[in-house]
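Take a look at the structure below.
The values are calculated or read from the model by the stated rules, or taken from the named source; none is laboratory data. Fair warning: this is a prediction, and the values are worked out from it, not measured in the lab. Methodologically, a virtual Cβ is constructed for each residue, glycine included, from the backbone with ideal geometry; neighbour enumeration extends over all protein chains shown.
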Amino acid sequence: MSSSSPLRVGLISDTHGLLRDEAVAALSGSDLIVHAGDIGKPEILERLSAIAPVTAVRGNNDHGDWASALREAETLQVHDVAVLVIHDIAQLRIDALAADVRVIVHGHSHRPAAVEKGGVLYINPGSAGPRRFSLPISVGQLIVSGRKIDYRLQTLELRHAA
């Protein structure tokens, strides 16, 4: 694929063993999917990989043989953009700009957020799993074309309250 063809990267985190149909629908059409940890069970990754190739990291609630195969941080190249994935942003131990990382995808807080600091986009798609407190159920996406990055956070409209 040429770097001029935009790539859609679906972002999901904190499923905690629940992959909602609404999240699957929102991620459909993704060229890649990033799961920022607290996956809950390997079947979540299997279902996501039926949509697009998945890059996933281990969260603090991911345990067992399947989870031990996951790293705590991953870096992937999307066109001309380096994307670092980590579950808990407090565990970040690199200088993103010095490492030429333009996007950091993280989870853990269950709060969707996107903040650009010093030329780096920090994006948390929020939680797509069981509702926690009054926080929204959400996912996100990056659209990357060359070095250009657009992003979107999406609150899911749930058919069933859970």
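Quick check, is Ala69 touching a helix residue (DSSP H, G or I) at 6+ places or on another chain (Cβ under 8 Å), of a type in the set (Gly, Ala, Ser) and either more than 21 Å from Val139 (Cβ to Cβ) or modelled with pLDDT of 95 or more (or both)?
So Ala69 does not fit the description; no.
Which residue is farthest from His106 (Cα to Cα), if the candidates are limited to region 49-72 and must be outside any loop (DSSP other than H, G, I, E, B) and under 12 Å from the mean Cα position of the chain (by Cα)? Even if it seems obvious, please write down each step before you answer.
Here is the first cut: in region 49-72, the residues outside any loop (DSSP other than H, G, I, E, B) are 49, 54-56, 65-68.
Now restrict to residues that are under 12 Å from the mean Cα position of the chain (by Cα): 54-56.
Details: Val54: 15, Thr55: 12, Ala56: 11 Å.
It comes out as Val54.
Being outside any strand (DSSP E or B) and at pLDDT 95 or above is the requirement here; does Asp95 meet it? Spell out how you get there, then give the answer.
Numbers: outside any strand (DSSP E or B): yes; at pLDDT 95 or above: no.
For Asp95, the condition - outside any strand (DSSP E or B) and at pLDDT 95 or above - is not met.
Evaluate the following for Val101: is it surrounded by 15 or more Cβ atoms within 10 Å (Cβ to Cβ), in contact with a Leu (Cβ under 9 Å, 6 or more places away or on another chain) and within 15 Å of Ile33 (Cα to Cα)?
So Val101 does not fit the description; no.
Which condition number in (1) part of a strand (DSSP E or B); (2) touching a helix residue (DSSP H, G or I) at 6+ places or on another chain (Cβ under 9 Å); (3) touching a residue at least 40 places away in the same chain (Cβ under 8 Å) is the one that Leu76 fails?
Unmet condition: (2).
Can you tell me how many residues within region 125-153 are more than 22 Å from Asp21 (Cβ to Cβ) and touching a residue at least 60 places away in the same chain (Cβ under 8 Å)?
Residues flagged as more than 22 Å from Asp21 (Cβ to Cβ) and touching a residue at least 60 places away in the same chain (Cβ under 8 Å) within region 125-153 amount to 7.
Could you list, in sequence order, the residues of region 17-45 that are farther than 19 Å from Arg132 by Cβ and in contact with a strand residue (DSSP E or B) (Cβ under 8 Å, 6 or more places away or on another chain)?
Across region 17-45, the qualifying residues are Leu27, Gly29, Ser30, Asp31, Leu32, Ile33, Val34, Leu45.
Taking the criterion of being in a loop (DSSP other than H, G, I, E, B), more than 15 Å from the chain's Cα centre (by Cα) and polar (S, T, N, Q), would at least one residue in region 128-144 satisfy it?
Let us first name the residues in region 128-144 that are in a loop (DSSP other than H, G, I, E, B), namely 128-136.
From what is left, the residues that are more than 15 Å from the chain's Cα centre (by Cα) are 130-136.
Then drop every residue that is not polar (S, T, N, Q), which leaves 134.
Yes, region 128-144 has at least one match.
Scan (1) part of a helix (DSSP H, G or I); (2) farther than 19 Å from Leu27 by Cα; (3) without any contact (Cβ under 8 Å) to a residue 12 or more places away in the chain for the single condition Glu46 breaks and write down its number.
Single failed check for Glu46: (2).
Given Leu27, Leu32, which one is surrounded by 16 or more Cβ atoms within 10 Å (Cβ to Cβ), within 12 Å of the chain's Cα centre (by Cα) and under 22 Å from Arg147 (Cβ atoms)? Outline the logic, then answer.
Numbers: Leu27 fails: under 22 Å from Arg147 (Cβ atoms).
Matching residue, one of Leu27, Leu32: Leu32.
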